[in-house]
Amino acid sequence: MKHVRLNTRVAIVASGLLIASTAFSQTAAEQGPPLPETAAPQTSTVQIEEKKVDQFAAAFVAVQDIQAQAAQQLSNAADEQEATQVKATAERQMIAAVEREGLQVEEFNRIADLLNTDLALRSKVVEKVEKRRKG
């Protein structure tokens, strides 16, 4: 049962990260006014190895691809049982994708959580995700 909860967490975190990365990219690209001091994320004192950032970006892209495929399958699901099966399969695939990149789900989630407070880390991840999507 714990595995399922972790799996769901991967899906939730990845969805939130996609929204955050898109918003961050758009803000940076638009060169809009800087966020007020009170709303700006602060730099974290936690240091994440560059290798872990690369692994996270690769896992994130894989998780997003799995989510997109699952969303399409869900829209075509004939009934609740088929939808439940699609979700379960996608969750297993997301965990496998994270682990295949050399991270544990807990590590993936910890890095994703840091993106909310560490602007420098978020910027690195967004850059690496965009490079992976283009190349």
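Cross-link check: pairs Lys51/Lys124; Lys52/Lys131; Lys87/Lys124; Lys87/Lys131; Lys51/Lys87 evaluated at a Cα-Cα cut-off of 20 Å; pairs beyond the cut-off: Lys87/Lys124; Lys87/Lys131; Lys51/Lys87.
Site pair Gln104 and Arg133 shows an inter-label distance of 3.0 nm when each label is modelled 7 Å from Cα along Cα→Cβ. In this simple spin-label model, placing a label point 7 Å from the Cα along the Cα-to-Cβ direction at both Glu82 and Val46 gives a separation of 4.1 nm.
Read-outs throughout are calculated quantities, based only on the coordinates presented, and are distinct from any laboratory measurement. Predicted model only: the values in this text are computed from it and were never measured. Backbone-built Cβ (ideal geometry, glycine too); neighbour counts: all protein chains shown.
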